[in-house]
Amino acid sequence: MANFHLLILVYFLQIVFSFLGFLMLLFQIIRRPFSFYKTKSRNVPPACLSDPSHGTHEYITANGIKFHCVSKGDPSKPLMLFVHGFPEFWFSWQYQLKEFCNDYRVVAIDMRGYGETDKPAGVRNYTIEILKEDIVQLIKVLSPDRKCILVAHDWGGVVSWRVVQNHPELFHKFIVMNCPHAKVYRRAITKGWKQTLKSWYIFFFQCPWIPEMLLAINDYAAFDDMFKKGLFLNKDFSDDMVEAFKYTFSPRRNLTPPINYYRCMFMSSNRKHSYSSQKIETPTLLIWGERDLALDMSLSDKKEYNDICTDITIKRIPGCSHFVQQDCPHLTNQHMREFLEQ
């Protein structure tokens, strides 16, 4: 009965926030009737994406699709695999690729539906089970004979929490950033309205085509808000770097597969696998930017993980946004290194 009531609430919120999203779109049309839909032609990638200091661009086939990744470091060294969030791609790990390439073979992927990785059509190609299997199969290709370090952020964390929980034999250590375990998130949603209201965009993304339009209007101004104005500490994040995100998600149809991750969230198969009772024994580091506008800081309280992890370290970064690895790379890298050297 509790699940039934939760579903009713979910559907109600979908209707409410879809309507509000439509009003937002209508407001933009009225406000800028001649420019809201204009976008810059982006046929050539920004120079920062071809910077050789990031690593080598490669393609790997796993779980039936072709993945794009950028790798750097000695292939004989342990694998450190980076899994990005929304709306990001491999480039969001640029600072970490350079920091850890002397100690590990660092590999940053474009997740299914992102960047230069294949983009299967249809919402059902982005269920949590498929995304989990993507990571498992990639690790088996990249590091078949030894455990790896898994580093994840946001949606990459959503998937990686589950992979680590179900396949502990693959991992030496796990680092996750601004992403709670599903069990912690669900408790916060059911306890009160605070996190539910902060998660408005999840319900809005259930709506067809309007989310894509809102993210793309005014020449992808949403990406300026996220990665120029929205990075509170990193004032060196250049216009060229912001342009890298706009290039990756252009044209507008490139936004649909990433948003499909959200559209799969309330499918019965995803709800069935929302969390497990099995405790995570892999040593885990949770790094949290305290000025996350979408996730409440209580989701990083250590007591919330007592029934989830046997060994978890939590580091908070004051003044830092949701995009912690890009907003405060120096301190993020420092926390990572200290954890890895333990």
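The values are calculated or read from the model by the stated rules, or taken from the named source; none is laboratory data. The model shown is predicted, which means the values in this text are computed figures rather than measured ones. All Cβ positions, glycine included, derive from the backbone under ideal geometry; neighbour counts span all protein chains shown.
Observations on the structure shown:
- Enumeration of residues in the range 213-250 that are over 21 Å from TRP288 (Cα atoms) and of a type in the set (S, T, N, Q): ASN218, SER238, THR248, SER250
- Pairs are defined by a Cβ separation below 8 Å, a sequence spacing of at least 6 or placement on different chains, a first member in the range 130-143 that is among the hydrophobic types (A, V, I, L, M, F, W, C), and a second member that is assigned to a helix (DSSP H, G or I); the pairs so defined are LEU131/VAL159; LEU131/TYR261; ILE135/VAL159; ILE135/SER160; ILE135/VAL163; VAL136/VAL163; VAL136/LEU170; ILE139/LEU170.
- When restricted to residues that are surrounded by fewer than 24 Cβ atoms within 10 Å (Cβ to Cβ), in contact with a strand residue (DSSP E or B) (Cβ under 6 Å, 6 or more places away or on another chain) and part of a helix (DSSP H, G or I), the range 144-157 contains 0.
- Taking the criterion of being surrounded by 12 or more Cβ atoms within 10 Å (Cβ to Cβ), part of a helix (DSSP H, G or I) and either under 25 Å from the mean Cα position of the chain (by Cα) or modelled with pLDDT of 85 or more (or both), the residues of the range 26-53 that qualify are CYS48, LEU49.
- With respect to the conditions (1) surrounded by 16 or more Cβ atoms within 10 Å (Cβ to Cβ); (2) at pLDDT below 95; (3) basic (Lys, Arg), LYS246 lacks only one, and its number is (2).
- If the condition is being in a loop (DSSP other than H, G, I, E, B), under 26 Å from GLN206 (Cα atoms) and at pLDDT below 90, then the range 262-294 contributes PHE266, MET267, HIS273, SER274, TYR275, SER276.
- Checked against (1) assigned to a loop (DSSP other than H, G, I, E, B); (2) touching a residue at least 12 places away in the same chain (Cβ under 8 Å), ALA121 passes all but a single condition, namely (2).
- Scanning the range 164-175 for residues that are part of a helix (DSSP H, G or I) and either among the small types (Gly, Ala, Ser) or under 24 Å from GLU341 (Cβ atoms) (or both) returns VAL164, PRO168, GLU169, LEU170.
- Residue check: SER160 meets all listed conditions (1) farther than 20 Å from PHE100 by Cβ; (2) in a helix (DSSP H, G or I); (3) under 20 Å from the mean Cα position of the chain (by Cα) but one, namely (1).
- As a summary of the residue check, ILE189 satisfies the conditions (1) part of a helix (DSSP H, G or I); (2) touching a residue at least 60 places away in the same chain (Cβ under 8 Å); (3) within 26 Å of ILE317 (Cβ to Cβ) except for the one numbered (2).
- Residue match in the range 304-319 (condition: in a loop (DSSP other than H, G, I, E, B) and either crowded, with 17+ Cβ neighbours inside 10 Å or touching a Cys at 6+ places or on another chain (Cβ under 7 Å) (or both)): yes
- Selection of first residues in the range 51-69 that are under 13 Å from CYS101 (Cβ atoms) and of second residues that are modelled with pLDDT of 95 or more, restricted to Cβ pairs under 6 Å at least 6 apart or on distinct chains, gives the following pairs, ordered by first then second residue: HIS54/VAL70; HIS54/GLN94; HIS54/LEU97; GLY55/VAL70; GLY55/SER71; GLY55/LYS72; GLY55/LEU97; THR56/SER71.
- Residues of the range 97-118 that are assigned to a helix (DSSP H, G or I) and out of contact with any Ser or Thr (no Cβ under 8 Å at 6 or more places or on another chain): LEU97, GLU99, PHE100.
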